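These notes are about the structure you will find just below.
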Amino acid sequence: MLSYTLRRLLGAIPTLFLIITIAFFIMRLTPGGPFDRERPIPPEIEKNLLAAYDLDKPLLVQYFKYMGDILQGDFGPSFKIHDFSVAELIAINLPASIKLGGYALVLAVLIGIPLGSIAALRQNSWIDYTVMGVAMTGIAVPNFVIAPILTLVLGVYLGLLPVGTWGGGSLRNLVLPTIALALPQIAFIARLMRGSMVEVLRSNYIRTARAKGLTERIVLSRHAVKAALLPVVSYLGPAAAGLMTGSVVIETIFGIPGIGRYFVSSALNRDYTLVMGVVITYGAAVILFNLLVDLVYGFLDPKVRYD
Amino acid sequence: MNKAFARLRTAALAVAVVLATAAVAHAETVLHRGNAAEPGTLDPHKASGTWENNILGDLFLGLTTEAADGSIIPGAAESWTVSDDGKTYTFKLRDGLKWSDGEPVTAEDFVFSIHRILDPAFKAEYAWILYVIENAEEYNTAKETDVNKIGARAVDARTLEVKLKAPAPYFIAQLTHYTAYPVPKHSIEKLGDDWLKAGNMVSNGAYTLAEWVPNDHIKVVKNANFYDAANVKIDTVYFYPTEDQDAALQRFRAGELDTQDDFASESIDLLRKELPNETRISPYLGIYYYVLNIAKNEAFKDLRVREALSMAVNREAITDQVLKTGELPAYSFVPPGTVNYGGPSYISWKDMPYGERVEKAKALLTEAGYGPDKPLKFQLRYNTSINHEKIAIAVQSMWKAIGVQADLFNSETAVHYNDLEAGNFDVARAAWIADYNDAQTFLGLLETRAGPQNYGRYSNPKFDDFMAKASLDADLTTRGKLMADAEAIAMADQPVIPIYYYVSKDLVSTKVAGWVDNVFNIHRTRWMTVNR
């Protein structure tokens, strides 16, 4: 297991390298630059600005300089938020995204998996239809519709919970964004769980277990759930990476100081260094979670062995 | 009663007293301001946006400053004199002016600040506002290397002398802009770039920076060393970057924001119904217009075509039915409300009824050689935004009625303005918000020497001539008349299609007093109070 993990981690390096390179060139080749504004800057000043950030040098030169800087841990200054470097911005804002994403993930798993299992166990009953109906709604309705409705009802009309801001991460401020973020995930996970559970329950080894006279509880807990979890776990890998690195919509609506917003704002602002910073963060998160997912597979599925 | 009970009673009393005192001691006034966007920086010499201005104006105090109603009043300078030729200003700083760390604010700080923002190595985007100062432009563009040639010097600790290139009556108004704010020489020399960090930042305004969590909030607290601290009633201000206007509206309704800068036009019906006392709409010195690319598009070189296009736009329909938030139809380039101005000079057919204008427009196009077999076709571009799109669609259909085919194209703001400066457009949406209350800030865009900022490259030597004469005139009245004459020429040439004058849209809780609507939409917290 250990050598497998190490091999995967080493293999991640060229992957990240490729991601960074592609992102770098796509960003630079897009029209528009970081200093284009509604109110144009006199050309001499713009020239000074471009030179100060090395933006007037040939693209390849800039690329190698950037790669060199990254290897030394310098992600550069942000072109838009001048008083902070990219590393500082990500360091300050990533914890909020991770916290919110983490809570949403836990909530989604805690609710989605049991819901899906119950639906599978009571297949084609009214419980099944209700759960799947609600799940479909959760998947179909976008979160930028659910979130404002939640804030309107619970925040504005009933005044029970704060409508926006982070409040330093206090629990009260976390409730609404966590629910809004978790709802679509609950829906997906419930559906996945139900589908895979239905299949597992039909399989031969479950029939054998039941024939052996094991109680339903043991059949489910020791055999069925573990097998049924496999597709859910595969889904959770990239889902976790996405949740932890922030949802643009939720963070904007609730005013959460995470890095989700940076994905969109830095691209629109042509803030090259910040774009690269968040791309690298997201890429690393995806690679990491996919590795974790594969390791969890090793625990869940006896047919999977790593050496 | 027994001893235990007596002791308990005393203890309870003591706790109650302590809590009461604590409650009184901690009763501080807090204001929560929704502030449009995240500041790019809190360095006044690097800033460039209105949302940065809102915070910087609370942190720093320039030579002059804005009163609650936006009028110019003495700030760090208690008085000033102007020489007869209008080129030398001598400022007397207030006695006992201090930085938040107790160090005195001196004329040297102002000289240091002017040198700093004009330093070409400093990369200040907005340095050009100070080009009115002698040798400022030369130093900033590295044509002059001796920093002491810049026309600013400290006569003594309390006296600052500034020499201008040419008389500029709007100079006093310009000094309220953050480019002219002083920065603490002693702090910058000691800490370098770290002087900006919360906890380090030393400022001379009503507040100091306590905390900055990017994308979350900026917290400023009352500056005990501010010269007028006794009259500053609010102790703490939180600024939140509220880019999503709908989300900000929710927060305002829930009472989490006391003020909010700007709301979406679509919300106006809801606001008029639910929050009529909190909705503040007021004229704002800005112009929204379409610019015609005279340099690159042959069709637009014909005045008849330009006039026809401008006539066919029903501005009243746009302001009253599309926007509905009180914007005013524009028939001039300089908005009314601009001070010391002999205009605005309006387009000649301003009062012609719309139906008649449409007929006239059709006739002009036929005269120019366009008709059903040779329709006028071009691209109308705008930067991506709901309101710009709505207006473009409306104008497109107005032009269709006179036989003109306009294709719509939108791009992000950065790309849009990039292309405009490069001249890659036919007709494009543009806007200009005044940097200071003077017609020159608008008319300067139509001068030949404006270069890339004169997107359509309109060039009329008579216009340039009037503007040049105006720039040398120290008398406000004759200068205003000269500029009005220049505008009249431009409005006769119709190189741009003015559409509406801006209004500022804010939400202000009824608990807040001291927020006075003004044409700059500048509201310094030092004039406000909150009653919870």
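Here A:Gly164 meets each of (1) touching a residue at least 12 places away in the same chain (Cβ under 8 Å); (2) part of a helix (DSSP H, G or I) with one exception, condition (2). For the structure I just gave you, tell me whether B:Ser100 is assigned to a loop (DSSP other than H, G, I, E, B) and surrounded by 19 or more Cβ atoms within 10 Å (Cβ to Cβ). Answer is yes for this residue. Restricting attention to the stretch B:248-260, the residues that are in contact with a helix residue (DSSP H, G or I) (Cβ under 7 Å, 6 or more places away or on another chain), surrounded by 21 or more Cβ atoms within 10 Å (Cβ to Cβ) and at the interface with chain A (Cβ under 7 Å from one of its Cβ atoms) add up to 2. Within the stretch B:132-143, can one find any residue that is within 14 Å of chain A (Cβ to nearest Cβ), charged (D, E, K, R) and either over 30 Å from A:Asp54 (Cβ atoms) or part of a helix (DSSP H, G or I) (or both)? The answer is yes, given that some residue of the stretch B:132-143 is within 14 Å of chain A (Cβ to nearest Cβ), charged (D, E, K, R) and either over 30 Å from A:Asp54 (Cβ atoms) or part of a helix (DSSP H, G or I) (or both). Put simply, of A:Ala104, A:Ala87, A:Ala119 the only residue that is touching a Lys or Arg at 6+ places or on another chain (Cβ under 7 Å) and touching a residue at least 12 places away in the same chain (Cβ under 8 Å) is A:Ala119.
Take the residues of the stretch B:199-217 that are closer than 25 Å to B:Ala68 by Cβ, away from every other protein chain (no Cβ under 11 Å) and touching a residue at least 40 places away in the same chain (Cβ under 8 Å): which is surrounded by the fewest Cβ atoms within 10 Å (Cβ to Cβ)? Within the stretch B:199-217, the match that is surrounded by the fewest Cβ atoms within 10 Å (Cβ to Cβ) is B:Thr208.
In this structure, does B:Ala124 turn out to be out of contact with any Lys or Arg (no Cβ under 8 Å at 6 or more places or on another chain) and either in a loop (DSSP other than H, G, I, E, B) or surrounded by fewer than 17 Cβ atoms within 10 Å (Cβ to Cβ) (or both)? So B:Ala124 does not fit the description; no. Cβ separations smaller than 7 Å between residues 6+ apart or across chains give the following pairs from the stretch B:447-462 residues that are within 13 Å of chain A (Cβ to nearest Cβ) to residues that are buried (at least 17 other Cβ atoms within 10 Å of the Cβ) and of a type in the set (Asp, Glu): B:Pro452/B:Glu421; B:Asn454/B:Glu447; B:Tyr455/B:Glu421.
Checked across the stretch A:297-306, the condition of being surrounded by fewer than 16 Cβ atoms within 10 Å (Cβ to Cβ) and within 21 Å of A:Ile13 (Cβ to Cβ) holds for at least one residue.
In the stretch A:161-204, what count of residues is obtained for those that are β-branched (Val, Ile, Thr), at the interface with chain B (Cβ under 10 Å from one of its Cβ atoms) and either under 18 Å from the mean Cα position of the chain (by Cα) or buried (at least 23 other Cβ atoms within 10 Å of the Cβ) (or both)? It would help to see each step written out before you state the result.
Step one: filter the stretch A:161-204 for residues β-branched (Val, Ile, Thr), giving A:163, A:165, A:175, A:178-179, A:186, A:189, A:198, A:200.
Those still in the list that are at the interface with chain B (Cβ under 10 Å from one of its Cβ atoms) too: A:163, A:165.
Still in the running and either under 18 Å from the mean Cα position of the chain (by Cα) or buried (at least 23 other Cβ atoms within 10 Å of the Cβ) (or both): A:163.
So the count comes out to 1.
Within the stretch B:170-186, the set of residues being in a helix (DSSP H, G or I) and either buried (at least 21 other Cβ atoms within 10 Å of the Cβ) or aromatic (Phe, Trp, Tyr) (or both) comprises B:Phe171, B:Ala173, B:Gln174, B:Tyr178, B:Thr179, B:Ala180.
Among the residues of the stretch A:93-101, is any within 30 Å of A:Leu291 (Cβ to Cβ), more than 14 Å from chain B (Cβ to nearest Cβ) and either in contact (Cβ under 8 Å) with a residue 60 or more places away in the chain or surrounded by fewer than 17 Cβ atoms within 10 Å (Cβ to Cβ) (or both)?
For the stretch A:93-101, residues within 30 Å of A:Leu291 (Cβ to Cβ), more than 14 Å from chain B (Cβ to nearest Cβ) and either in contact (Cβ under 8 Å) with a residue 60 or more places away in the chain or surrounded by fewer than 17 Cβ atoms within 10 Å (Cβ to Cβ) (or both): present.
Looking at A:Leu29, is it under 32 Å from the mean Cα position of the chain (by Cα), exposed (fewer than 15 other Cβ atoms within 10 Å of the Cβ) and within 14 Å of chain B (Cβ to nearest Cβ)? For A:Leu29, the condition - under 32 Å from the mean Cα position of the chain (by Cα), exposed (fewer than 15 other Cβ atoms within 10 Å of the Cβ) and within 14 Å of chain B (Cβ to nearest Cβ) - is met. For the stretch B:230-242, indicate whether the set of residues that are within 13 Å of another protein chain (Cβ to nearest Cβ), within 25 Å of the chain's Cα centre (by Cα), part of a loop (DSSP other than H, G, I, E, B) and crowded, with 18+ Cβ neighbours inside 10 Å is non-empty. Looking for residues that are within 13 Å of another protein chain (Cβ to nearest Cβ), within 25 Å of the chain's Cα centre (by Cα), part of a loop (DSSP other than H, G, I, E, B) and crowded, with 18+ Cβ neighbours inside 10 Å, one finds at least one in the stretch B:230-242, hence yes. Applying a threshold of 6 Å to beta carbon distances and a minimum spacing of six or more residues, or different chains, the list of pairs starting in the stretch A:49-73 at a residue that is within 14 Å of chain B (Cβ to nearest Cβ) and ending at one that is modelled with pLDDT under 90 and part of a loop (DSSP other than H, G, I, E, B) reads A:Leu49/A:Phe35; A:Leu49/B:Lys123; A:Leu50/A:Asp56; A:Ala52/B:Lys123.
Could you list, in sequence order, all residues of the stretch B:282-310 that are under 20 Å from B:Asn521 (Cα atoms) and at pLDDT 90 or above?
At the first step, the residues of the stretch B:282-310 found to be under 20 Å from B:Asn521 (Cα atoms) are B:282-288.
The answer is B:Tyr284, B:Leu285, B:Gly286, B:Ile287, B:Tyr288.
Total residues in the stretch A:269-304 satisfying the condition of being on the phi > 0 side of the Ramachandran plot and away from chain B (no Cβ under 14 Å): the figure is 0. Here the condition is being within 12 Å of another protein chain (Cβ to nearest Cβ) and at negative phi; of B:Ala422, B:Ala406, it holds for B:Ala422 alone.
Scanning the stretch A:131-160 for residues that are within 10 Å of chain B (Cβ to nearest Cβ) and hydroxyl-bearing (Ser, Thr, Tyr) yields A:Thr151, A:Tyr157. Given the structure, is B:Ala180 away from every other protein chain (no Cβ under 14 Å) and either without any contact (Cβ under 8 Å) to a residue 60 or more places away in the chain or out of contact with any Pro (no Cβ under 9 Å at 6 or more places or on another chain) (or both)? The answer is no for B:Ala180.
Just one of (1) on the phi < 0 side of the Ramachandran plot; (2) more than 20 Å from the chain's Cα centre (by Cα); (3) in the same structural domain as B:Asp475 (by TED's automatic domain parsing) trips up B:Lys324, so point out which. B:Lys324 satisfies every listed condition except (1).
Here A:Val175 does not fit the description of being at pLDDT below 85, assigned to a helix (DSSP H, G or I) and out of contact with any Asp or Glu (no Cβ under 7 Å at 6 or more places or on another chain).
Which residue is surrounded by the fewest Cβ atoms within 10 Å (Cβ to Cβ), if the candidates are limited to the stretch A:243-268 and must be assigned to a loop (DSSP other than H, G, I, E, B) and facing another protein chain (nearest Cβ under 9 Å)? Checked the stretch A:243-268; the qualifying residue surrounded by the fewest Cβ atoms within 10 Å (Cβ to Cβ) is A:Pro257. When residues in the stretch B:127-169 are screened for being surrounded by fewer than 18 Cβ atoms within 10 Å (Cβ to Cβ) and polar (S, T, N, Q), 3 of them pass. Every listed requirement among (1) touching a His at 6+ places or on another chain (Cβ under 7 Å); (2) more than 10 Å from chain A (Cβ to nearest Cβ) is met by B:Asp435 save one, (2).
Could you tell me whether any residue of the stretch B:144-152 is within 14 Å of chain A (Cβ to nearest Cβ), under 20 Å from B:Lys46 (Cα atoms) and at pLDDT 90 or above?
Restricting attention to the stretch B:144-152, the residues satisfying the condition of being within 14 Å of chain A (Cβ to nearest Cβ) are B:144.
In the following step, the residues that additionally are under 20 Å from B:Lys46 (Cα atoms) were identified as none.
Checking the stretch B:144-152: not a single residue is within 14 Å of chain A (Cβ to nearest Cβ), under 20 Å from B:Lys46 (Cα atoms) and at pLDDT 90 or above.
Hey, among the residues in the stretch B:116-137 that are at pLDDT 90 or above and of a type in the set (Asp, Glu), which one's nearest to B:Leu175 (Cα to Cα)? Among them, the one singled out is B:Glu134. Every listed requirement among (1) crowded, with 23+ Cβ neighbours inside 10 Å; (2) within 22 Å of the chain's Cα centre (by Cα) is met by B:Arg479 save one, (2).
The values are calculated or read from the model by the stated rules, or taken from the named source; none is laboratory data. Note that the structure is predicted; figures quoted are calculated from it, not measured. With ideal geometry, Cβ positions are generated from the backbone for all residues, glycine too; neighbour counts draw on all protein chains shown.
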